[in-house]
1. Conditions: (1) over 27 Å from residue 43 (Cβ atoms); (2) exposed (fewer than 14 other Cβ atoms within 10 Å of the Cβ); (3) out of contact with any strand residue (DSSP E or B) (no Cβ under 9 Å at 6 or more places or on another chain). Residue 101 meets all but one. Number of the miss?
2. Could you please give the count of residues in segment 64-83 that are assigned to a loop (DSSP other than H, G, I, E, B) and surrounded by 12 or more Cβ atoms within 10 Å (Cβ to Cβ)?
3. When you go through 108, 113 one by one, which is the residue that is under 29 Å from the mean Cα position of the chain (by Cα) and under 30 Å from residue 167 (Cβ atoms)?
4. Out of 128, 101, 140, I need the residue that is among the aromatic types (Phe, Trp, Tyr), farther than 30 Å from residue 61 by Cα, more than 20 Å from the chain's Cα centre (by Cα) and at pLDDT 90 or above. Which one?
5. Could you please find all residues in segment 132-143 being in contact with a Phe, Trp or Tyr (Cβ under 9 Å, 6 or more places away or on another chain) and either in a helix (DSSP H, G or I) or of a type in the set (Asp, Glu) (or both)?
6. Can you tell me which residue among 119, 61 is more than 26 Å from residue 157 (Cα to Cα), part of a helix (DSSP H, G or I) and out of contact with any Ser or Thr (no Cβ under 6 Å at 6 or more places or on another chain)?
7. Please verify whether residue 119 is surrounded by 14 or more Cβ atoms within 10 Å (Cβ to Cβ), at pLDDT 95 or above and under 30 Å from residue 52 (Cα atoms), treating the condition exactly as stated.
8. Select, from 107, 141, the only residue that is out of contact with any Asp or Glu (no Cβ under 8 Å at 6 or more places or on another chain), free of Cβ contacts under 8 Å to residues at least 40 places away in the same chain and surrounded by 11 or more Cβ atoms within 10 Å (Cβ to Cβ).
Amino acid sequence: MLKKIMIIFALAAMLTSMAVTTVEAAKIAYVDLKSSVENTKAHQAGQQRLAALKSKKLEEIQALKLEMDRAEKEMLANSMAAAPQDLLDKQMALKDLRKKYMRKQQDAQEEIADVKHIIDLKESSEFYQVVRDYGKKNGYDLILPKSNAIYAGPALDVTDDITKQLDQR
């Protein structure tokens, strides 16, 4: 029985020393995903495209809002002198304008969100592919996102290298 316990302890000690040796030999790095992606030319171009789309949609919505406000003022100004059927027609037209305005706002929000989602998916896909390629090319055993590290020395940071690789694509 004592012999079995001694063998188990010996095996455990041997396995522990093998695991420590393996970890010590591992080449590890980290990358700041957000910084790496945000500092690329592609990301900045995507953000400009998104800003242009937002601006265009805002102009369209504001033009519709002005049209709606003008129609409402016109209806109120002429409400006393207008025939009941004309007043009802103007009220219905205003109601339709309000619906169109609200739909335009919702459609714009959805389109902007869709474009942002597509940009984000493309960027993250490229990021992970670049990190995998970089890790293989440079002999890394593990590259972690910076956000998952409690502490990592600056010598392990490969963010700048990853950003350069992203810009080259």
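The values are calculated or read from the model by the stated rules, or taken from the named source; none is laboratory data. Because the structure is a prediction, the values reported are computed rather than measured. Quick reminder, even Gly has a Cβ in these numbers, built from the backbone with ideal geometry, and neighbours come from all protein chains shown.
1. Unmet condition: (2).
2. Of the residues in that region, 2 qualify.
3. On the way: 108 fails: under 30 Å from residue 167 (Cβ atoms).
Matching residue, one of 108, 113: 113.
4. One residue alone meets the criteria, 140.
5. 134
6. Matching residue, one of 119, 61: 61.
7. Taking the combined requirement at face value, the residue does not satisfy it.
8. Testing whether each residue is out of contact with any Asp or Glu (no Cβ under 8 Å at 6 or more places or on another chain), free of Cβ contacts under 8 Å to residues at least 40 places away in the same chain and surrounded by 11 or more Cβ atoms within 10 Å (Cβ to Cβ) leaves just 107.
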